[in-house]
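> Please find one structure pasted underneath; my questions will follow.
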Amino acid sequence: MGVLEQFGEKGHSPLELTWFRPTLEVVGMHGGFTGEGIKTVIPRQASAKLSCRLVAGQDPADIFEKLEKHVMAQAPSFAKIEKHVVAQAPPFAKVVVSPLGGRSKAYSVAKQTPGNRAAAKVLEQVYGTPPKFYRRGATIPALSSFGPILGLPVTAFGWGLGDHIHAPNERLSEVMYAAGHKAWAMLLTELGMNYEKKDFHQGGEGKEEGGGGESAEGGGGVRGANEVQKEEL
């Protein structure tokens, strides 16, 4: 994978950090002379852009407030602190923390929802292997709104395998496209034939007998291709 060293919160495995723990990343930095070559100048100002991945139970506004307080607490005693204001630089240091927008609440869904059960059944039919459930950090802000607004749990039924997500060469292979196209048709058929509208509001088991399984909390949806070995594709 090209990872030189694993780091993060102590006491948590790499998978736990990926699946369950919040993050704070520096996604951009700027300051001073950044052109080609070198100049012996003292930067007038420096900035950094931060991004936080939240987990269930965390509120974006609360996290921003706590992050802001932490940054301000690290400011030197001679600094002038201004909230959300970018003005002309005074003759002393100034610290500004500003929200950039794009915030959303974290989303998590129970493992055994009607949509997840139907998706799992379809994936097993497509690949001949029962899928695995797990939580996964991602940024799909609309998911946290669907539940409260529609009163329905959401199933993420995405497709991909080694797609270099968010990289310059991000792509979707023809194999995944074909499999996803087929599986979506099967999923809609499964939902239409074996579930009724009341099942989604009441968390019902559908028209088929059984179909329950564990009711433990699982991940935010079912992932297909990521849970099947490449040789099975």
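> Where in the range 1-52 are there GluC sites (Glu not before Pro) that are in a DSSP coil and have at most 11 other Cβ atoms within 10 angstrom of their Cβ?
Listed in order of number, the matching sites are GLU5, GLU9, GLU36.
> State whether the range 1-46 is rounded, prolate or oblate according to the following rule on the C-alpha gyration tensor (a ≥ b ≥ c being the square roots of its eigenvalues): a/c under 1.5 gives rounded; otherwise a/b larger than b/c gives prolate, and the remaining case gives oblate.
In terms of gyration-tensor shape, prolate.
> Right, next: By the gyration tensor of its Cα atoms, with a ≥ b ≥ c the square roots of the eigenvalues, what is the shape of the range 1-79: rounded for a/c under 1.5, prolate for a/b over b/c, or oblate?
Judged from the Cα gyration tensor, the range 1-79 comes out oblate (a/c at least 1.5, b/c at or above a/b).
> I need the phi-derived Karplus couplings for the range 143-154: 6.51 cos²θ - 1.76 cosθ + 1.60, θ = phi - 60°, integer Hz, Gly and Pro marked x.
Couplings: 4, 6, 9, 4, x, x, 7, 8, x, 10, x, 10 Hz.
> Can you give me the Cα centroid spacing of the range 1-78 and the range 133-197 in angstrom?
29 Å
> Another question, if that's okay. Please provide three numbers in whole Å: the alpha-carbon extents of the range 101-151 along the principal axes, with the largest listed first.
Its Cα atoms span 43, 22, 15 Å along the three principal axes.
> Quick one: accessible surface of LYS49, probe radius 1.4 Å, all protein chains present, in square angstrom to the nearest 10.
120 Å²
The values are calculated or read from the model by the stated rules, or taken from the named source; none is laboratory data. Computed from a prediction, not measured in an experiment: that's the story for all the values here. Virtual Cβ from ideal backbone geometry, glycine too; neighbours counted across all protein chains shown. The protein model used for the area step is the full one, side chains on, heavy atoms only, and it has no ligands, DNA or RNA in it. Shrake-Rupley method; radii C 1.70, N 1.55, O 1.52, S 1.80 Å.
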